[in-house]
1. Considering only residues that are in a helix (DSSP H, G or I) and touching a strand residue (DSSP E or B) at 6+ places or on another chain (Cβ under 7 Å), look in segment 299-354 and name the one that is modelled with the lowest pLDDT.
2. So is residue 486 closer than 20 Å to residue 429 by Cβ and more than 30 Å from the chain's Cα centre (by Cα) or not?
3. From the list 504, 462, which one is in contact (Cβ under 8 Å) with a residue 24 or more places away in the chain and within 15 Å of residue 560 (Cβ to Cβ)?
4. So which residues in segment 100-120 are touching a residue at least 40 places away in the same chain (Cβ under 8 Å) and either buried (at least 22 other Cβ atoms within 10 Å of the Cβ) or assigned to a helix (DSSP H, G or I) (or both)?
5. Would a scan of segment 374-384 turn up a residue that is in contact (Cβ under 8 Å) with a residue 60 or more places away in the chain, closer than 27 Å to residue 551 by Cα, touching a strand residue (DSSP E or B) at 6+ places or on another chain (Cβ under 7 Å) and outside the structural domain of residue 522 (by TED's automatic domain parsing)?
6. For segment 284-298, name all the residues that are in contact with a strand residue (DSSP E or B) (Cβ under 9 Å, 6 or more places away or on another chain) and either assigned by TED's automatic domain parsing to the domain that holds residue 82 or touching a residue at least 40 places away in the same chain (Cβ under 8 Å) (or both).
7. Let me confirm something: among 275, 310, which residue is within 25 Å of residue 85 (Cα to Cα), surrounded by fewer than 23 Cβ atoms within 10 Å (Cβ to Cβ), in contact with a helix residue (DSSP H, G or I) (Cβ under 7 Å, 6 or more places away or on another chain) and not assigned by TED's automatic domain parsing to the domain that holds residue 107?
């Protein structure tokens, strides 16, 4: 920005990181369909743009949360950079999204090295881009040139070549990185045969160019126009069959059997470095496109395999996998035979539900719902809900967010799905037990509007409660609690503070049933014994006549105890 005829050096701080995330999300949103259309490597599944968007959306939400949690004080640059990297890690989707999360993690390692500084200068940004490229190469089992890795390296090379980056001008460094990435992207068809045959640039590299353009915009305050794909992209072919033409040649690292892997497997993994090293070796023998990113005990694992179960079992042996996503590429034998599979017929109606804990996920799945698993402190992004709606493959979808804090996220997902031609009804369930009540009256053969009304009525007539353990001393609606106290929350507010799980649960039940009720639903978390369910069921039978009780196991990641009364 000019000031007194001189150029003021541009620095990267926490506010700029937040702006970068927002601009990157906008840029990928605008380019998503184009990037999806040119996605032919490593698998022509047409979702790279969507996966990058979902990854950045998770990063952006994490940075926003860092600002909200520390309001009115801004987080430091180190805190914002780490939040961005962590958000991308837990939300990474697909091969390119996983690599992008590692690029951001590499940058955060440099930008977060000095926890006391509030900004980074041009030299630090250049070093961060270099570390990002190095970290991404290290994360990929078998790096291939002509991909996003090549584009990232070119960006780092160009950033390092800026004259006197120590003068503090991050804007000049970011612009050089962007220009270098653009040049490298245009060269990718000559480096990777499948791209040259399809007449496209690398989709992941195209996405990285959009992200770097957003960085330029965040630092300069001036928008960087969306850069059209290389002239090599023949628009008509992209729309009418470039993916099909490339299917037979898109995968270069094919298993010994001669066919491309059928499944993409992604999961978050809690494990130590030694276990992850063994996991890399194990997964490398099972399939290809192996990318393992992360560190400090939390990793994101991505691999293409034919045996999805074996890939998940390898994760179980290494540590604690969660947020497991298995996607069938849906191209069957087209990789070798060249025959496209007939499109799968849409079902009339589907249910999509956000659920905490694998036990509840199984319960909902048994009832026919498409589930979106979640963990405490890691709410799903709207893109994950949209993806689940697509996986339901239905003309009509009932969406159960099962959390009051997800109302805006669910509404955004519903609106996006409607724009894609799916009829979506959002039932504002605030707890998984309300979702269970809605599922209990669901009748897929009933008219859609009538089914939605019945499910909404059942959910609304269900009061919900939860038992949790206080993590610290704090003020509540029921008084001051101490760390370790058992809290009884009714309809989202703390109503009781106790020192014993069973006694507190009985008191919560009595208070809820004082207003009447015919059915009690209990969902036991992983940390409570089965005897708690037996005790509470007996208590209801003896104290509250004509009230039935049903008990479920929520499993890991669910609350200590969920209670529903209807």
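The values are calculated or read from the model by the stated rules, or taken from the named source; none is laboratory data. For clarity, every value in this text was computed on a predicted model and none was experimentally measured. As a convention, Cβ positions derive from the backbone with ideal geometry for all residues, glycine included, and neighbour counts pool all protein chains shown.
1. Going through segment 299-354, the residues in a helix (DSSP H, G or I) turn out to be 308-318, 334-337.
Okay, now just the ones that are also touching a strand residue (DSSP E or B) at 6+ places or on another chain (Cβ under 7 Å), so 308, 311-312, 315, 318.
On the way: 308: 81, 311: 88, 312: 86, 315: 89, 318: 90.
In this case the residue turns out to be 308.
2. On the way: closer than 20 Å to residue 429 by Cβ: no; more than 30 Å from the chain's Cα centre (by Cα): yes.
For residue 486, the condition - closer than 20 Å to residue 429 by Cβ and more than 30 Å from the chain's Cα centre (by Cα) - is not met.
3. On the way: 462 fails: within 15 Å of residue 560 (Cβ to Cβ).
Only one candidate qualifies: 504.
4. Applying the first criterion (touching a residue at least 40 places away in the same chain (Cβ under 8 Å)) to segment 100-120 yields 100-105, 111, 116-120.
Residues satisfying the conditions are 100, 101, 102, 103, 104, 105, 111, 120.
5. Yes: one or more hits.
6. Going residue by residue through segment 284-298, those that are in contact with a strand residue (DSSP E or B) (Cβ under 9 Å, 6 or more places away or on another chain) are 284, 286-294, 297-298.
Correct list: 284, 288, 289, 290, 291, 292, 293, 294, 298.
7. Values: 310 fails: within 25 Å of residue 85 (Cα to Cα).
Every option except 275 fails the conditions.
Matching residues to (1) crowded, with 24+ Cβ neighbours inside 10 Å; (2) assigned by TED's automatic domain parsing to the domain that holds residue 32; (3) farther than 22 Å from residue 294 by Cα:
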residue	(1), (2), (3)
129	yes, yes, no
194	no, yes, yes
201	yes, yes, yes
206	yes, yes, yes
220	no, yes, yes
